[in-house]
Protein chains: 2
Amino acid sequence: MHTFETLSKLFIARFDTKHFTGKPVTLYEPADYFLSLGGKRIRPVMCLMANELFDDIIEDTWNVATAIELFHNFTLIHDDIMDKAPLRRGLTTVHIKYGEPTALLAGDVMLVTAYDYLNRMKSGHLQKVIHLFNKTAKEVCEGQQLDMDFEQNMQVSMDEYLHMIELKTSVLLAASLKLGAILGGAGDGNQQHMYEFGRNLGISFQIQDDYLDAFGDPAKVGKQAGGDIKVNKKTFLMIKALESCNDDQLEQLTKLMKENPDDKVERVLEIFRSLGVDKWAISLKEQYMEKAFQHLEEIAVLNVRKEPLRQLTYALMQREY
Amino acid sequence: MHTFETLSKLFIARFDTKHFTGKPVTLYEPADYFLSLGGKRIRPVMCLMANELFDDIIEDTWNVATAIELFHNFTLIHDDIMDKAPLRRGLTTVHIKYGEPTALLAGDVMLVTAYDYLNRMKSGHLQKVIHLFNKTAKEVCEGQQLDMDFEQNMQVSMDEYLHMIELKTSVLLAASLKLGAILGGAGDGNQQHMYEFGRNLGISFQIQDDYLDAFGDPAKVGKQAGGDIKVNKKTFLMIKALESCNDDQLEQLTKLMKENPDDKVERVLEIFRSLGVDKWAISLKEQYMEKAFQHLEEIAVLNVRKEPLRQLTYALMQREY
């Protein structure tokens, strides 16, 4: 059994090679550039951990983990184009550095390369793995489209927002864990518990992200507080506030979003606090984490094998950044 | 044995259903819209014909043919974004009708759906099929990137242009035929001859396209003559002209491309004719067609089985539109 840190080092040592050595370099260098921006590589490492929950890590899992990380990076390159984002991890995005057409193609070629890694599998799980991978890939696209739709739409219910978050961010974490479980030889029930562990954990992470963006310590978060509020982004907090405020507060919120005064962030946060949205968010995050842990507990393996996943989850949930 | 026309009807009857029934409709309707614009469906039908050259068409081949057509349409949606094309087959392109972000995502989801169809395969060829599919997909992206690179670059040699055309258009036709051969149970040698038949045929088609754009009868071609010349597009004809002209003609061509006078098309065509570029193009097209046929002849099956492919090729090469 390995900790997240150990597997993370092993994965990064394998992953941090040039994946795109082909020609023309005008296509492949931008793809490699994006990978060089780094990232926590949480999804592939959790895939490896899910395999090891059941049995020794097999070679196939390293390839599937690589495919997952390439898929994730493909979505980021294309999302950055769609969002017209100038920066990713503090560095220039691909479409700004190399132009939109090349960024689009570099993303496409990265997705195809993800399937290349899946296709290296030697065990008999290829068809099942591709099936889940495709289902998840389509869901992530659906989530991104819903996210864009919601930007145009003032009225988004909590259920709709939750569904979007599930598709856009949770299902890839859930699928990474389930793929690891499949490759580790888990039975159907255990596979499903792994999936639900990841799905609930993903939602919990997003609530935490939304919370930290509003209420986190800017020194620890590493960015100005209230970035989401500034751009009128729909978040768990804003949707809860809009659902639970009175007419007077609704008028204030609507006016703040429309007029963008200098003290907008403080005043929105004040309304959030007066509605108890901060405490509600912490409690909701804990509910989803609790659900996640219940599924982890239900998995029929020796308790001691669950320790690395448990420790990782606690560490990720206690972060203040 | 079936003719192209018969298989084409059978394929279209299967293919013309809604492939994208999921939610949100804001994502899937644009994908279905693009497929509804139609197309000749030549690649998937040639895949079916290549299967039938060797044996009865199996269910897997219908799925692979569908994957090929979806892949082709994915590339067209993304190419239209890159080229900022307002029209496709005379109708509004996806990015104009639904916006670039949605067009980008609709293309992504179409590519994933192509892999869904591949993954429905029941025979033991899945890994080999995905391998060739991925290799080809990457080459098509490489071709598109080279095409964009060449737009920025005045000096493109005939070899470079030929390589770009091979990647951008020929390899998908070649792969469609080889995939059909694999699924029809062909041996390695026959598979390779099918591939080379398609590769040479694809180049031959492109030379014909370039020729018709310049010298075709506008009434038959269905568009104004000289469209490529108007936008200074690099074509087999233009590259040959630039390679074989004298200093005076080079100066004239360069000036015409820079200044875009009203009589640009006629004057460029005059230079083409004086250099014999028209006759050269017809002869080059025939050389590639001849090479294609040689590979078809080399395939070790009863001669009568080759008749549908032979007839189709003649029909495609004799078109004046």
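Among the helices (runs of 4 or more DSSP H) contained in region A:188-296, which hold 2 or more residues that are touching a Ser or Thr at 6+ places or on another chain (Cβ under 8 Å) and among the aliphatic types (A, V, I, L, M)?
Qualifying helices (runs of 4 or more DSSP H): A:188-215.
Are any residues in region B:105-115 at the interface with chain A (Cβ under 7 Å from one of its Cβ atoms) and in contact (Cβ under 8 Å) with a residue 40 or more places away in the chain, and if so, which ones?
To start, the set of residues in region B:105-115 that are at the interface with chain A (Cβ under 7 Å from one of its Cβ atoms) comprises B:105, B:108-109, B:111-112, B:115.
Residues satisfying the conditions are B:L105, B:V109, B:L111, B:Y115.
So B:Y33 fits all but one of (1) over 27 Å from B:V304 (Cα atoms); (2) not in a helix (DSSP H, G or I); what number is the exception?
Here B:Y33 meets the rest and fails (2).
Could you go through region B:148-159 and let me know if any residue there is in contact (Cβ under 8 Å) with a residue 60 or more places away in the chain and of a type in the set (S, T, Y).
Checking region B:148-159: at least one residue is in contact (Cβ under 8 Å) with a residue 60 or more places away in the chain and of a type in the set (S, T, Y).
Which of the following residues is within 22 Å of the chain's Cα centre (by Cα), outside any helix (DSSP H, G or I) and within 14 Å of chain B (Cβ to nearest Cβ): A:A85, A:A67?
Just one listed residue meets the conditions, A:A85.
So, in region A:88-104, of the ones that are of a type in the set (D, E, K, R) and farther than 19 Å from A:D16 by Cα, which residue ends up nearest to the other protein chains (Cβ to nearest Cβ)?
If we take residues in region A:88-104 being of a type in the set (D, E, K, R) and farther than 19 Å from A:D16 by Cα, then A:E100 is nearest to the other protein chains (Cβ to nearest Cβ).
Of the conditions (1) away from every other protein chain (no Cβ under 14 Å); (2) touching a helix residue (DSSP H, G or I) at 6+ places or on another chain (Cβ under 7 Å), A:D79 fails just one. Which one is it?
It fails just one condition, (1).
Taking the stated definitions as given, is A:V129 at pLDDT 95 or above, in contact with a Cys (Cβ under 8 Å, 6 or more places away or on another chain) and within 11 Å of chain B (Cβ to nearest Cβ)? Before you say what the answer is, go through the steps one by one.
Numbers: at pLDDT 95 or above: yes; in contact with a Cys (Cβ under 8 Å, 6 or more places away or on another chain): no; within 11 Å of chain B (Cβ to nearest Cβ): yes.
So A:V129 does not fit the description; no.
Residues of region B:19-75 being among the charged types (D, E, K, R) and closer than 29 Å to A:E142 by Cβ, which ones?
B:K23, B:E29, B:D32, B:R41, B:R43, B:E59, B:D60, B:E69 - these are the residues of region B:19-75 that are among the charged types (D, E, K, R) and closer than 29 Å to A:E142 by Cβ.
Any idea which of B:T136, B:T102 is part of a helix (DSSP H, G or I), over 21 Å from B:C47 (Cβ atoms) and touching a helix residue (DSSP H, G or I) at 6+ places or on another chain (Cβ under 6 Å)? Please lay out each step first, then the result.
Values: B:T136 fails: over 21 Å from B:C47 (Cβ atoms).
Checking each option against the conditions leaves just B:T102.
The values are calculated or read from the model by the stated rules, or taken from the named source; none is laboratory data. This one's a predicted model, so the numbers in the text were calculated from it and none came from an experiment. With ideal geometry, Cβ positions are generated from the backbone for all residues, glycine too; neighbour counts draw on all protein chains shown.
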